[in-house]
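Visitor: Let me give you the structure first, and then I'll get to my questions.
Just so it is clear, none of the values below were taken in a lab; they were calculated from the coordinates. Treat the numbers as computed from the prediction; the structure is a model and nothing was measured. Cβ sites come from the backbone with ideal geometry, for glycine too, and all protein chains shown count toward neighbours.
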Amino acid sequence: MGWSKDELLAFAGREVPDLLPEDLRLLVCGINPSLWTAATGAHFARPGNRFYPALARAGIISHPFDAADGYRPEDLAELHRLGIGNTNLVARATARADELSREELRRGAVRLEVPVRQRRPRLVAVLGVTAYRQSFAMPSAALGEQPEALAGARLFVLPNPSGLNAHETVDSLAAAYAGAARAAGILAP
């Protein structure tokens with residue numbers, strides 16, 4: 001379904017439930033849900049978002065999912081089978097991540113520990129180095145594996161797949177995501 005700008009704005013502030021498979025290996029943490037994600041309930045649903053194309057290019061998923069109208073049952077089943085989950089630093093949907101306050105992001109870092117402690121993924125991947133720096137008060141953090149674990153899980157900071165992150169390509173995102181998937185035991189080393 002296509003959404004008009006006004007229709008999407010009606011989803012501002014809504015929360016999107018986390019996707020937490022039973023055998024959670026890799027917990028992907030976005031900054032916050034887009035309005036499109038809030039409308040469909042599918043993470044990274046906005047047309048043009050490069051998350052699923054990058055996962056497919058990396059060989060993590062079987063094909064680039066089109067979540068613009070929500071998850072297809074078979075795509076959702078594939079994420080569950082692989083042990084790939086999704087959450088966000090901030091649960092409320094906005095049109096742009098820059099609408100979030102530093103305080104919201106800091107609270108998000110604390111909030112993230114809850115599903116990590118409860119579900120014990122092997123690896124947590126925060127998508128977006130700037131959001132990570134602000135959320136975790138780590139101003140000099142770089143992309144890649146972080147020196148400290150998060151509630152017992154390995155912690156990676158990876159590039160954000162949003163089209164606004166123009167210097168990343170599907171290929172560069174795929175390379176970064178493949179490294180995390182290998183470390184989480186989803187892809188063979």
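Visitor: Taking the conditions exactly as written (touching a Phe, Trp or Tyr at 6+ places or on another chain (Cβ under 6 Å) and either over 17 Å from Leu105 (Cα atoms) or of a type in the set (Ser, Thr, Tyr) (or both)), does Glu145 satisfy them or not?
Guide: The answer is yes for Glu145.
Visitor: Can you name every residue in the range 167-189 that is small (Gly, Ala, Ser), more than 17 Å from Leu79 (Cβ to Cβ) and not in a helix (DSSP H, G or I)?
Guide: Ala188
Visitor: Here's a follow-up. Quick check on my filter: what residues within the range 131-145 are crowded, with 16+ Cβ neighbours inside 10 Å and of a type in the set (Ser, Thr, Tyr)?
Guide: Listed by number, the residues that qualify are Tyr132, Ser135.
Visitor: Which ones in the range 148-164 are surrounded by 16 or more Cβ atoms within 10 Å (Cβ to Cβ) and over 25 Å from Val110 (Cβ atoms)?
Guide: Passing the criteria: none in range.
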